[in-house]
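Written out below as structure tokens is the structure these notes cover.
The values are calculated or read from the model by the stated rules, or taken from the named source; none is laboratory data. Because the structure is a prediction, the values reported are computed rather than measured. Glycine also receives a Cβ, built like all others from the backbone with ideal geometry; neighbour counts cover every protein chain displayed.
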Amino acid sequence: MTKEFRTEKDSMGEFQVPLDAKYGASTARAVENFPISHLRFSRVFIRSLGEIKKACAAVNHKNNLLEENIAKAIIDSAQEVIDGNHDKDFVVDIFQTGSGTSTNMNANEIIANLATEKSGIAVHPNDHVNMSQSSNDVIPTATNVAAVIAYMGDTHSGLSGQLVELHKALQTKAKEWDKVYKNGRTHLMDATPVTLGQVFGGYASQIAFSQSAIDSSVKSVCDLPIGGTAVGSGINAPNNFGKDVAKELEKSIGLLFNETENHFASQGSRDEIVELSGSLKRLAVSLFKIANDIRWMGSGPISGLNELNIPALQPGSSIMPGKVNPVIPEMMMQVATQVIGNDTAITFAAANGNFELNTMLPVMAHNILESIEILDSSVKVFREKLIDGLEPNIKQMKENTQKNPILVTALVPKIGYDTAAEVAKEAISNNKTIKEVLLEKDLLSEAEIDDLLDLEKLV
């Protein structure tokens, strides 16, 4: 089928636009210029653009810069963007002009065309929809707003809520397994005993510490660059524009937003996004460690550690019948790896801010939002399909602790380091328990041994 086009005009002249498209010439040029990837801005970013355009129109009307009928048409049209009615028309590739101008114009043109249809008045994408704004403050503001929404969730249940639930689940396991003893390990080698509860309590604390770091970072992200316009000076914007838009966004979204204290810092750098990405990376590293530990503890069932029974969710092999693999830990480890990679991209991009503008805004927006979104969904799956269903193999862990030669560490105050080392070596070489060797050598009485090797006292 032959695609039909209409002719639109922008400041560079006429250009062909798909007949059914809601966008205009500027967007169509960008589509032609940047056929780079399949990557487009996410739903939450498009929503945030709509929220910003809606808020800006309201503030411009309040300042008597927009006539009421045009302002209302823009607000109503922006609401359609917020609701996701026109996502298919946001067609610009992530890899585009570094300011994100093409995506800002994409939003401006869609809203202008919708508003024109609603009002019967020619609504201009630049003069009306983009009034008192620049791509240079809109795109970083949309990034910040989208990141906060994605983290907090509409009902405060986004990634933030998922981390709270994961922390609870890990704490529950820590309490349940407070008296389940297992060998500790350092350097992947047997060490003195711990409880499985202590191990999972450590995991719970890792999640709590990571969430605290993210929460602190999000506070900075709530400070918005809007109102700085082109270079941070606020040219063509009325006084208090940024402050008023932040209030409108707070009212509309239900989350606390403020105007940044310094527009030059917020537009020339993306330090708050670097900080947020760094705290997400910290979480990713913690999740990788937790998932990998569980994968190791569930290894076997014959030649591995076989300390945890991991829920069986799907066949593990296309060639080996009966094999069940730790699919959820491996998923989590891959997500963590991607987040760590995203942080590297964000860090490098942010370092390339020059003078009054960072020209890598789209790639930073894409990566920070991807990190939040994949962490949100993966943490939920990690908890529901792995943590909640984990069960300890108590029999295996009991056998392992009884055979652990490192228990001899508890005897050092009584028999000395060198003698203890000899006992450990003999136990390992002859496949005996520490108690058996001690009794054979008549180094301690059975009552003394039982007291010194009491696991409750050792952990």
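Suppose the filter is within 27 Å of the chain's Cα centre (by Cα), of a type outside the set (Ser, Thr, Tyr) and over 16 Å from Asn130 (Cα atoms); does Lys219 pass it? So that I can check it myself, show each step before the final result.
Details: within 27 Å of the chain's Cα centre (by Cα): yes; of a type outside the set (Ser, Thr, Tyr): yes; over 16 Å from Asn130 (Cα atoms): yes.
Criteria met by Lys219.
Within the range 311-337, count every residue that is crowded, with 22+ Cβ neighbours inside 10 Å and closer than 24 Å to Gly184 by Cα.
4
Could you count how many residues in the range 229-251 are on the phi < 0 side of the Ramachandran plot and either surrounded by fewer than 19 Cβ atoms within 10 Å (Cβ to Cβ) or part of a loop (DSSP other than H, G, I, E, B) (or both)? Don't jump to the end; show me each part of the working.
Going residue by residue through the range 229-251, those that are on the phi < 0 side of the Ramachandran plot are 230-231, 233, 235, 237-239, 241-251.
Remaining after also requiring either surrounded by fewer than 19 Cβ atoms within 10 Å (Cβ to Cβ) or part of a loop (DSSP other than H, G, I, E, B) (or both): 230-231, 233, 235, 237-239, 243, 247, 250-251.
Here the count works out to 11.
I'd like the residue in the range 425-435 that is under 24 Å from Thr195 (Cα atoms) and assigned to a helix (DSSP H, G or I) and, out of all such residues, is nearest to the chain's Cα centre (by Cα).
Looking at residues that are under 24 Å from Thr195 (Cα atoms) and assigned to a helix (DSSP H, G or I), I get Ile428.
Would you mind stating whether Glu422 is of a type in the set (Asp, Glu), over 49 Å from the mean Cα position of the chain (by Cα) and within 12 Å of Gln402 (Cα to Cα)?
no
Suppose we filter Ile75, Ile111, Ile46, Ile70 for residues that are in a helix (DSSP H, G or I), of a type in the set (Val, Ile, Thr) and over 34 Å from the mean Cα position of the chain (by Cα); which single one remains?
From the options Ile75, Ile111, Ile46, Ile70, the qualifying one is Ile70.
Here are some residues: Asn325, Asn262. Which one is modelled with pLDDT of 95 or more and either over 30 Å from Gly201 (Cα atoms) or polar (S, T, N, Q) (or both)?
Going through Asn325, Asn262 in turn, just one is modelled with pLDDT of 95 or more and either over 30 Å from Gly201 (Cα atoms) or polar (S, T, N, Q) (or both): Asn262.
Out of the residues in the range 254-289 that are in contact (Cβ under 8 Å) with a residue 60 or more places away in the chain and in a loop (DSSP other than H, G, I, E, B), state the one that is farthest from Leu390 (Cα to Cα).
The selected residue is Ser269.
Quick one: what pairs do we get from the range 73-101, first residue closer than 21 Å to Asn136 by Cα and of a type in the set (Ser, Thr, Tyr), second modelled with pLDDT of 95 or more and surrounded by fewer than 19 Cβ atoms within 10 Å (Cβ to Cβ), C-beta under 8 Å, 6+ apart or different chains?
From residues that are closer than 21 Å to Asn136 by Cα and of a type in the set (Ser, Thr, Tyr), the pairs are Thr97/Thr359; Ser99/Thr359.
Among the residues of the range 363-385, write down those that are over 21 Å from Leu49 (Cα atoms), in contact (Cβ under 8 Å) with a residue 24 or more places away in the chain and of a type outside the set (Val, Ile, Thr).
Across the range 363-385, the qualifying residues are Leu375, Asp376, Ser378, Lys380, Phe382, Arg383, Lys385.
Per-residue answers, yes or no, for (1) aliphatic (A, V, I, L, M); (2) assigned to a helix (DSSP H, G or I); (3) in contact with a Gly (Cβ under 8 Å, 6 or more places away or on another chain); (4) closer than 22 Å to Val31 by Cβ:
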{"position": "Val92", "(1), (2), (3), (4)": "yes, no, no, yes"}
{"position": "Phe95", "(1), (2), (3), (4)": "no, no, no, yes"}
{"position": "Ser102", "(1), (2), (3), (4)": "no, yes, no, yes"}
{"position": "Lys118", "(1), (2), (3), (4)": "no, yes, no, no"}
{"position": "Asp137", "(1), (2), (3), (4)": "no, yes, yes, no"}
{"position": "His167", "(1), (2), (3), (4)": "no, yes, no, no"}
{"position": "Asp178", "(1), (2), (3), (4)": "no, no, yes, no"}
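Would you check which residues across the range 177-189 are among the charged types (D, E, K, R) and either crowded, with 20+ Cβ neighbours inside 10 Å or in contact with a helix residue (DSSP H, G or I) (Cβ under 7 Å, 6 or more places away or on another chain) (or both) and list them?
Across the range 177-189, the qualifying residues are Asp178, Lys182.
Confirm whether Met331 is at pLDDT 95 or above and closer than 30 Å to Asp137 by Cα.
Values: at pLDDT 95 or above: yes; closer than 30 Å to Asp137 by Cα: no.
For Met331, the condition - at pLDDT 95 or above and closer than 30 Å to Asp137 by Cα - is not met.
Of the residues Ser77, Ser99, which single one is crowded, with 22+ Cβ neighbours inside 10 Å, farther than 30 Å from Glu356 by Cα, polar (S, T, N, Q) and modelled with pLDDT of 95 or more?
Within the list Ser77, Ser99, the selection yields Ser77.
Based on this model, can you work out whether Asn292 counts as touching a residue at least 12 places away in the same chain (Cβ under 8 Å) and assigned to a helix (DSSP H, G or I)?
yes
Within the bounds of the range 146-163, is there any residue that is surrounded by fewer than 23 Cβ atoms within 10 Å (Cβ to Cβ), of a type in the set (Asp, Glu) and either in contact (Cβ under 8 Å) with a residue 40 or more places away in the chain or closer than 30 Å to Gly242 by Cα (or both)?
Checking the range 146-163: at least one residue is surrounded by fewer than 23 Cβ atoms within 10 Å (Cβ to Cβ), of a type in the set (Asp, Glu) and either in contact (Cβ under 8 Å) with a residue 40 or more places away in the chain or closer than 30 Å to Gly242 by Cα (or both).
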